[in-house]
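Take a look at the structure below.
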Amino acid sequence: GIQVEQSPPDLILQEGANSTLRCNFSDSVNNLQWFHQNPWGQLINLFYIPSGTKQNGRLSATTVATERYSLLYISSSQTTDSGVYFCAANQGGKLIFGQGTELSVKP
Amino acid sequence: DARVTQTPRHKVTEMGQEVTMRCQPILGHNTVFWYRQTMMQGLELLAYFRNRAPLDDSGMPKDRFSAEMPDATLATLKIQPSEPRDSAVYFCASQEAGVYNEQFFGPGTRLTVL
């Protein structure tokens, strides 16, 4: 089956810094989603992005489906951005999750 | 504010007991998924339904787990008998019609089996 790999596994930032999280997938996908799992465990939808670029405030995402990767950009990070970021590739209607990037933003 | 709801939010039980988790999908969504999150395996799909019919339960241990959707507003995941290795967070997600549409997750049920 499809493999979804995220990097880096861990990231520590100072408040105000920018970061890029990467998601590689091993096969063609029907769509791709990014989630933020907050410290309370809730999975928050960030982007639904099968291809192209989308922006939502300080966050943006780009998926290059032909090269099998997606990037999540976080600009001017805030302490509330802390948590785990997951990408999930949809293949045949099922989401296959990466192992996540754990982000810690220090004040 | 449309959202997926799950009950209970937390459950502590003893090995051998039956556990039932419930999910109410977003109104109008016709596809419901059950995922499990553990430290070792991460987030993995257990089973899913479309229009209340089970489509795939290959991720679920068949001998002790069962999933049903008695009506369009309720999905259930049952474990009988429960074992300590079942301790995990169980998420329900729903999706409106369209195989590749966005999935939305509930808050999860944190299960601890002693």
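Values quoted throughout were computed directly from the atomic coordinates according to the rules given, and no laboratory measurement underlies them. Note that the structure is predicted; figures quoted are calculated from it, not measured. Here the Cβ is made from the backbone with ideal geometry for all residues, glycine too, and neighbour counts use every protein chain on show.
Listed by Cβ neighbour count within 10 Å, with the fewest neighbours leading, B:M60, B:M21, B:M39, B:M15 appear as B:M39, B:M15, B:M60, B:M21. Taking Cβ atoms as reference points and 9 Å as the exclusive limit, the residues near B:I79 contribute a net charge of -1, counting Lys and Arg as +1 and Asp and Glu as -1.
Electrostatic bookkeeping for B:Y90 treats Lys and Arg as +1 and Asp and Glu as -1; over the other residues with beta carbon under 15 Å from its beta carbon, the sum is +2. Please give every one of the aspartates and glutamates within straight-line cross-link reach of A:K106, meaning a C-alpha to C-alpha distance under 15 Å, and leave out same-chain neighbours fewer than 8 residues apart. Excluding near neighbours in sequence, the set is A:D10, A:E15, A:D81. Using the Karplus relation 6.51 cos²θ - 1.76 cosθ + 1.60 with θ = phi - 60°, the per-residue 3J(HN,Hα) values for the range B:53-63 come to 8, x, 9, 7, 10, 5, x, 10, x, 6, 6 Hz, with x marking Gly and Pro. Listed by chain and number, the aspartates and glutamates whose C-alpha is less than 14 Å from the C-alpha of B:K78, apart from same-chain residues fewer than 8 away, are B:E18, B:D57, B:D63, B:E68, B:D86.
Its Cα centre serving as origin, chain A has a Cβ charge dipole (Lys and Arg +1, Asp and Glu -1) of approximately 200 debye. DSSP beta bridges fully contained in chain A are about 90 percent antiparallel.
The distance from the alpha carbon centre of the range B:60-110 to that of the range A:1-77 is 25 Å, rounded to a whole number. Cross-link partners for A:K54 among the lysines, with Cα-Cα distance under 25 Å and sequence neighbours closer than 8 places in the same chain left out: A:K94.
What the phi angles of the range A:40-57 give under the Karplus curve with 6.51, -1.76 and 1.60, with θ = phi - 60°, is a coupling list of 8, x, 6, 8, 9, 5, 9, 9, 10, 9, x, 6, x, 10, 9, 10, 9, x Hz, glycine and proline written as x.
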